[in-house]
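The block underneath contains the structure these notes are about, expressed in structure tokens.
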Amino acid sequence: MLNIETAPVRQLELRYQPPLAWDNMLAFWQARTLHQVEWVNAGCYGRTFTYLQQPGWFEVEPGTTHSLTLRLHWAGSEGLGTLVQQLRRLLDLDASMLQIEQQLASHPLFKGQLINGLRIPGLWNQWEAGVRAILGQQVSVAGARTQLNRLVQALGAPVSDNKLLFPSPQAVLASDLQMIKVPALRRQTLRDLAAFVLAEPDAAAERWLTIKGIGPWTINYARMRGLGDSDIWLAGDLGIQKALARTENTATNTDTLAPWRSYATFQLWLQKGE
């Protein structure tokens, strides 16, 4: 076991420009939390991670004015600055929300009705986002979470008595994945993605299109939540299609939402309770 309970604890204040819809972001994460990898309680979000081959975990909650308090448990001695930047990306703290919301509010899709301060609730990396997207194909959020938790409990490396890392590409590739109850093709897609990521760890997600079972929706989801891409419009998403069906025809042109279409996607998801 890679125990990190004795790792040094660093506490930092992460500043941001308001507004920040923290409660809405917590609700989104909570509906998708993976047992022992993530947790949401009392206004706090926490999760495990690996950075520069060192496991760790963090918790973040509202701090002083216009900041989040970060408690970081990580034994690494170098790369702290870039690690904090990755955490800021995951939390989307550098978004210019006033500019983004001004543009979204002028679009007939929203008619000025926005969740103020709603940012992109991120994931640790593109690999994790890709796995979540694959297991989220054609199932409910709850159904995807069930399969993901089975994967985590079987393949997640323990970092303490009650915390696990999200399964690595190595662990997924070495497994037959019989613990997850999905079609055989989906299990093979996961193993093929793991092999691809191990062979080309820095390749753009668009290269995943060569993998059977991966299409544009999966890639765009991975870019949006795994990289913080600000301009992803999930046109084929069922939730987005339902939201558009309730609007006027003129609202379906989303070109004028660029380069902030990811924020429009999350607005629609959370406004309809996804």
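The values are calculated or read from the model by the stated rules, or taken from the named source; none is laboratory data. Quantities reported herein were computed from a predicted structural model and do not represent experimental measurements. With ideal geometry, Cβ positions are generated from the backbone for all residues, glycine too; neighbour counts draw on all protein chains shown.
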For this session: List every residue pair whose Cβ atoms lie under 6 Å apart, where the two residues are 6 or more positions apart in sequence or sit on different chains, the first residue falls within region 223-252 and is farther than 23 Å from ILE134 by Cα, and the second residue, located anywhere, is among the hydroxyl-bearing types (Ser, Thr, Tyr) and modelled with pLDDT under 85.
Result: LEU244/THR252
Problem set entry | Whichever residue in region 35-55 is hydroxyl-bearing (Ser, Thr, Tyr) and under 14 Å from the mean Cα position of the chain (by Cα) and, among such residues, is surrounded by the fewest Cβ atoms within 10 Å (Cβ to Cβ) | TYR45
Problem set entry | Residues being farther than 21 Å from ALA154 by Cα, assigned to a strand (DSSP E or B) and of a type in the set (D, E, K, R) - total across region 13-61 | 4
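Residues checked against (1) in contact with a His (Cβ under 7 Å, 6 or more places away or on another chain); (2) assigned to a helix (DSSP H, G or I); (3) modelled with pLDDT of 95 or more:
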residue: LEU72; (1), (2), (3): no, no, yes
residue: GLY81; (1), (2), (3): no, yes, yes
residue: ASP94; (1), (2), (3): no, no, yes
residue: GLN99; (1), (2), (3): no, yes, yes
residue: LEU109; (1), (2), (3): no, no, no
residue: ILE115; (1), (2), (3): no, no, yes
residue: LEU123; (1), (2), (3): no, no, yes
Exercise. Mind checking which residues of region 116-140 are buried (at least 17 other Cβ atoms within 10 Å of the Cβ) and closer than 21 Å to GLN267 by Cβ?
Worked result: GLY117, LEU118, ARG119, ILE120, PRO121, GLY122, LEU123, ALA129, ARG132, ALA133, GLY136
Problem set entry | Output for region 209-218, where each listed residue is touching a residue at least 24 places away in the same chain (Cβ under 8 Å), in a helix (DSSP H, G or I) and surrounded by fewer than 23 Cβ atoms within 10 Å (Cβ to Cβ) | TRP217
For this session: Go through region 91-108 residue by residue and tally those that are in contact with an Asp or Glu (Cβ under 9 Å, 6 or more places away or on another chain) and buried (at least 16 other Cβ atoms within 10 Å of the Cβ).
Result: 0
Problem set entry | Those residues of region 224-268 which are among the charged types (D, E, K, R) and either crowded, with 22+ Cβ neighbours inside 10 Å or out of contact with any helix residue (DSSP H, G or I) (no Cβ under 6 Å at 6 or more places or on another chain) (or both), in sequence order | ARG225, ASP237, LYS242, ARG246, GLU248, ASP255, ARG261
Problem set entry | Residues being part of a helix (DSSP H, G or I), modelled with pLDDT under 95 and crowded, with 18+ Cβ neighbours inside 10 Å - total across region 141-198 | 0
Exercise. Name the pairs whose Cβ atoms lie under 7 Å apart, with the first residue in region 65-90 and in contact (Cβ under 8 Å) with a residue 60 or more places away in the chain and surrounded by fewer than 16 Cβ atoms within 10 Å (Cβ to Cβ), the second in a strand (DSSP E or B) and acidic (Asp, Glu), and 6 or more positions between them or separate chains?
Worked result: ARG71/GLU59
For this session: Please determine, by comparing only the residues of region 219-248 that are at pLDDT below 95 and part of a helix (DSSP H, G or I), which one is farthest from the chain's Cα centre (by Cα).
Result: ALA245
